[in-house]
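J.: Please see the structure below; I have some questions.
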Amino acid sequence: MSTTTGNEEEVDTLKLSSCHLVEVLADDSLLWTWSYPHLSPQLRTICTSKCNVILSQGVKSVREEEDGTTDKEGGFMMQGKNFHLDNLWFYVVFPVRPNGAKVSGSDNKAVPVKMVGVIVVAANFHKEMYESVGNVLYLTYMKTGDASLVLQQFLSLVVEGNCSLPKKKVFTLDDHWLSAPYDNHQIKGEIILRFGLETILIYTALQKRKRIVVYHYDIDVLSNFTFSLPALSNSPEVWKAIYPWIDLNEYELEFTKNNDFYIMGCTVAGVESNLDLFDLFVNIPAAEISVAPHAREHISMNKTHKEMATFMVQLASSETTEDEVVASILKRNEEIKDKL
C-alpha cells in the first residue's frame, strides 16, 4: 500500500548510525564479522540474543534481486526484524538464497559460513528503506566477501544518498523517501475484525497516551500489529513510542521505565503478570484485551467512544479497503477530538 495515512513519522534525512555484518557458521555459532563505526558491548549482546531468536524461529527462503529491492510479484522477501532501544532503531536483515549460494571466499574459512545477516542501526524509523539498505549491503558482501566494499557502499549512501549495484544499476534513497515508514498496516482485518467493539480500548489508550503491551509468540505477527497501531492515531509522535520487540530483561526495560506512553511488543507470554508494565494488555493469539486495575478510571469511555467503536466495526465489516478504513478513521478523529 502506498496511500499516505497522515500519521507518518517525519523522515527528511538519512539517519544511519552504524552497520554490522554477522555470519552464522556451520556449527550455528554467530560471528560478528564487521562493524562500522561501532556498537556498545551491551547493545551487541542484545543484538546477538535477538539474532539467535530470529534464527530459532526460522528464516524463510527468498529470491535474490540484483538491485536489493522488493519484488512482490516475484515473491522476494527480506527477512527483516526490528527493535527500538536507546533512541536507536535496529533493522536485522537475514536474506536467504534458495540456491544455497555462499559468501565469496567463504570456503577458505575454518568453519563454513551457513548464513549472513546485516544489522542496520538508524536514529529514525523507516522499515522499507532501511531494510532495503541492509539488503544492498548484504548482496555486496555475498558477491565479494570483502567488508571494505561494504564500507564503501555504506559511506556512499551516507554522503551521496546512493550507491552502485551490479549491471550498472544504482540504488537511490530518493526512491524511498516518499513512502510511509510502514505501509503494510492491517487495521481492518487483524485489529478491528479480530477484536470487534473492544478495539475501542486500544483506540482510547492511544488517544490518552497510555502504556500498551502487546503479546504474540511470533515476531512477525507481533511487529505487524504494533506497527499498524499508529494508523489509528493522527499524531506522528506515536512512532517514537513504539518498542516492537522487548525482552523482559533489565537493560531493555530500562528504556521504557519512566515513560507514561508506549506501545511495547513482547514474545514472552508471562508478560501479562507484570501489571506494572502496562495500562492496557493485548493478547493477540487469544484475541483478548484487558485493562490493568490501576488504569480503569483512565480508560473509561463516554458516548462518543461508544459511537466510535460502532463506527469502526461497521466500517471494517463493509467492502472498504484497508486504506479507506484508515482514512475514514483519521477523518473521524479530527471531527471528534474535542469530545474525547
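The values are calculated or read from the model by the stated rules, or taken from the named source; none is laboratory data. Just so you know, these numbers come straight off a predicted model, no measurement behind them. Using ideal geometry, Cβ is built from the backbone for each residue, glycine included, and neighbour counts are taken over all protein chains shown.
Yes or no, residue by residue, for (1) part of a helix (DSSP H, G or I); (2) at pLDDT below 95; (3) under 25 Å from residue 50 (Cα atoms):
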| position | (1), (2), (3) |
| --- | --- |
| 164 | no, yes, no |
| 167 | yes, yes, no |
| 179 | no, yes, no |
| 184 | no, yes, yes |
| 189 | yes, yes, no |
| 192 | yes, no, no |
| 214 | no, no, yes |
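J.: Next up: Going by the structure shown, is residue 204 free of Cβ contacts under 8 Å to residues at least 60 places away in the same chain and either within 23 Å of residue 295 (Cα to Cα) or not in a strand (DSSP E or B) (or both)?
T.: Criteria not met by residue 204.
J.: Evaluate segment 267-282: report whether one residue or more is within 15 Å of the chain's Cα centre (by Cα) and either among the aromatic types (Phe, Trp, Tyr) or surrounded by 15 or more Cβ atoms within 10 Å (Cβ to Cβ) (or both).
T.: Checked against the condition, which is being within 15 Å of the chain's Cα centre (by Cα) and either among the aromatic types (Phe, Trp, Tyr) or surrounded by 15 or more Cβ atoms within 10 Å (Cβ to Cβ) (or both), segment 267-282 yields at least one hit.
J.: Can I ask one more? Out of everything in segment 284-320 that is without any contact (Cβ under 8 Å) to a residue 24 or more places away in the chain and assigned to a loop (DSSP other than H, G, I, E, B), what residue ends up being nearest to residue 233 (Cα to Cα)?
T.: That would be 300.
J.: Could you look through segment 321-340, keep only residues that are assigned to a helix (DSSP H, G or I) and β-branched (Val, Ile, Thr), and pick out the one that is farthest from the chain's Cα centre (by Cα)? Full working, then the answer.
T.: First, pick out the residues of segment 321-340 that are assigned to a helix (DSSP H, G or I): 322-339.
Retained after the next criterion (residues that are β-branched (Val, Ile, Thr)): 325-326, 329, 336.
On the way: 325: 22, 326: 19, 329: 23, 336: 30 Å.
Among them, the one singled out is 336.
J.: Next question, about the same structure. May I ask you to list the residues in segment 1-28 that are assigned to a loop (DSSP other than H, G, I, E, B), at negative phi and either at pLDDT 50 or above or acidic (Asp, Glu) (or both)?
T.: Listed by number, the residues that qualify are 8, 9, 10, 12, 13, 14, 15, 26, 27.
J.: To continue, here is another question. With the requirement that a residue be among the acidic types (Asp, Glu) and within 25 Å of residue 277 (Cβ to Cβ), what does segment 156-215 give you?
T.: 190, 198, listed by residue number.
J.: Within segment 80-106, how many residues are touching a Gly at 6+ places or on another chain (Cβ under 7 Å), surrounded by fewer than 14 Cβ atoms within 10 Å (Cβ to Cβ) and modelled with pLDDT of 90 or more?
T.: So the count comes out to 0.
J.: Pull up segment 254-266, narrow it to residues that are at pLDDT 95 or above and either part of a helix (DSSP H, G or I) or aromatic (Phe, Trp, Tyr) (or both), then point me to the one that is surrounded by the most Cβ atoms within 10 Å (Cβ to Cβ).
T.: Applying the filter and picking the extreme gives 262.
J.: Also, quick follow-up: Which residues, taken from segment 216-245, are among the hydroxyl-bearing types (Ser, Thr, Tyr) and in a helix (DSSP H, G or I)?
T.: 223, 226, 228
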